[in-house]
Amino acid sequence: MANVTPILTIDGPVGSGKGTIAARVARRLGWHLLDSGALYRLVAIAALDQGVRPGDEAALIRLTKTLDIEFSQEGGEVIATLDGLDVRKRMRSPETSDMASQVATIPGVRAALKERQRAFAEPPGLVADGRDMGTVIFPDAETKIYLTASVEVRAQRRHKQLKEKGESVNLSRLSRDIEERDHRDMNRTVAPLRPARDAIVVDSTALSIDQVVEKIIALMKDRSITD
Ligand code: DC
């Protein structure tokens, strides 16, 4: 079935800049935004709080199905609440990131999040950011971008981001973590990270965030998806 709502998917590995880029493109187009990674991070935080081990698949699936989450906007920033609590500060910690990457390998967890993600497709349009937006969640999306960049540049970007938030993380540890997570995300059996067959691959190693945003907007105009 064709999508009634136009959808732009932006997939790619950690630190490719897709989160920031997706948010900016969504704002420019006046479209809704789905940060699908946030859903996996919220499952991870709930699991950590409830003392559920990453290997306990049944408990993780149960927890995902009953997850009480809400997204709201405050001055352009998206706030995620879990059981009514603002968990913004914990969303990107190394502990949450590691757990999120592990829970994301469980097919039942991914299945339980599928419909929640599809429900974000509302007029006038949706920008969906993640790993499997173009391959699994929105395979009929009109425009699919696969954003990538070298491991070094991605580690530096994440380092800067964490530093700005007052968190101190060692750069070489970040590089190692990124490589480890890339490996896990790209080699899992369910919905591995890879470009959709009809995705446009954009390498952002030598591009600024603004340049990538302009490139995507120009592409949408070329295809007459926006004016
Ligand atoms: O994009 P992110 O770093 O916030 O994602 C957190 C984790 O969730 C990451 O390890 C990969 C996983 N993820 C996924 O498997 N599928 C998605 N659509 C989004 C994220």
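A short reminder: the numbers here are calculations on the coordinates, not readings from a lab. In this text, all values refer to a predicted model and were calculated from it rather than measured experimentally. Don't worry about glycine lacking a Cβ; one is built from the backbone with ideal geometry, like all the others, and counts go over all protein chains shown.
For the reader, a short list of remarks on this structure follows.
- In the elastic network of the chain, a GNM with C-alpha springs shorter than 10 Å, the most mobile of Ala38, Ala119, Ala191 is Ala119.
- Mean projected area of the convex hull spanned by the Cα atoms of the range 23-103, taken over all viewing directions: 5.6 nm².
- Here's the list of aspartates and glutamates a cross-link from Lys160 could span, going by alpha-carbon distance under 20 Å and ignoring same-chain residues fewer than 8 apart: Glu77, Glu95, Asp98, Glu152, Asp177, Glu179, Glu180, Asp182, Asp203, Asp210.
- A simple spin-label model places the labels of Asp203 and Val169 2.5 nm from each other, with each point 7 Å out along Cα-to-Cβ.
- Counted residue by residue at 0.36 nm each, then reduced by the alpha carbon distance between them, the extension gain from Asp140 to Lys89 reaches 14.9 nm.
- Max mean-square fluctuation residue, GNM over the chain, Cα-Cα springs under 10 Å, options Val213, Val78, Val151: Val78
- Shape annotation for the chain: C-alpha extents along the principal axes are 50, 40, 37 Å, from largest to smallest.
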